[in-house]
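Student: The following block contains the structure, expressed as structure tokens.
What follows draws every value from the coordinates through simple rules; no lab data is involved. The structure displayed is predicted, hence computed values, not measured ones. Cβ: placed from backbone, ideal geometry, glycine included. Neighbour counts: every protein chain shown.
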């Protein structure tokens, strides 16, 4: 997958760059073993942290791709569905309108289906049912993208955990040598700390941006779908009001004859 390859390269570039500035093997053979040297330099702990960041990045890519295909106007608001349901309702075919909604399960379909089920209760019941259905479906969509926010919050914390472990290893080297450790002896722990921090930010920043984009997209589509559902039932509401006015005028008592 091209997007996942790009994400892995983003994580790998700073790893190679950090390694090429420190140890002598990288100078003799630059860019060859830097990634694996850094991954395994922190032992089991460092390896697990880097692998966790890599798993989070792959999960982020998979979620973004899935949301790009599922959170679209054609998916949530199928074209032609509103017109078909409105036509069937005006013809008095509530069963056919409900079947049309079931044939295209979507945000708009569920909202219209809720309104169709309350057509016998009057406009207030229809409006309340559609509002409840829209709120339920929008909450479901927001829960769907919450995983992006979770990744955006977890990734920096994982990177910070790696930073703390790297600094612990660096100061442990100072303690074990009684303060006589050289800068080269501290380099492993320091660049491990910096690499995990960069890795966490490289995962968190795209996750936070994607969450904001999809959240705004859902807000827009939910607003459009709610307005479209209201317009579907508007002619039916007007027709019922006209019938009420006509029946009220027919049943009103005639004025008494004047003398």
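Student: Using a 10 Å cut-off on Cβ atoms, rank the peptides 218-230, 63-75 from the highest mean neighbour count down.
Tutor: 218-230, 63-75
Student: Turning to a different aspect of this structure: Place a label point 7 angstrom from the Cα of residue 219 along the Cα-to-Cβ direction, then list the residues of the stretch 130-145 whose backbone nitrogen is under 12 Å away.
Tutor: Output list for this probe position: empty.
Student: Can I ask one more? Run the numbers for residue 69 and residue 172: contour at 0.36 nm per residue of separation, minus the present Cα-Cα distance, in nm.
Tutor: So the chain would gain 32.2 nm between residue 69 and residue 172.
Student: Moving to a separate point now. Cut-off is 10 Å between beta-carbons; in what order do 238, 215 appear when sorted fewest neighbours first?
Tutor: 238, 215
Student: Right, something else. Mind checking the log10 I(q)/I(0) for the stretch 42-239 at q = 0.08, 0.16, 0.17, 0.19 Å⁻¹? Debye, one equal scatterer per Cα, no solvent, two decimals.
Tutor: Values returned for q = 0.08, 0.16, 0.17, 0.19 Å⁻¹ are -0.46, -0.93, -1.00, -1.13.
Student: Oh, and also: When the chain is fully extended, how far beyond the present Cα-Cα distance does residue 44 get from residue 58, taking 0.36 nm per residue of separation?
Tutor: 2.9 nm
Student: Mind giving me the FRET efficiency for residue 102 and residue 136? R0 is 25 Å, r the Cβ-Cβ distance, nearest 0.05 is fine. Present the calculation step by step, with values, prior to reporting the outcome.
Tutor: Values: r = 17 Å, r/R0 = 0.67.
The calculated FRET efficiency here is 0.90.
Student: Mind giving me the FRET efficiency for residue 93 and residue 201? R0 is 51 Å, r the Cβ-Cβ distance, nearest 0.05 is fine.
Tutor: 0.35
Student: Quick check: residue separation of residue 120 and residue 144 times 0.36 nm, minus the Cα distance between them. What number comes out in nm?
Tutor: 5.3 nm
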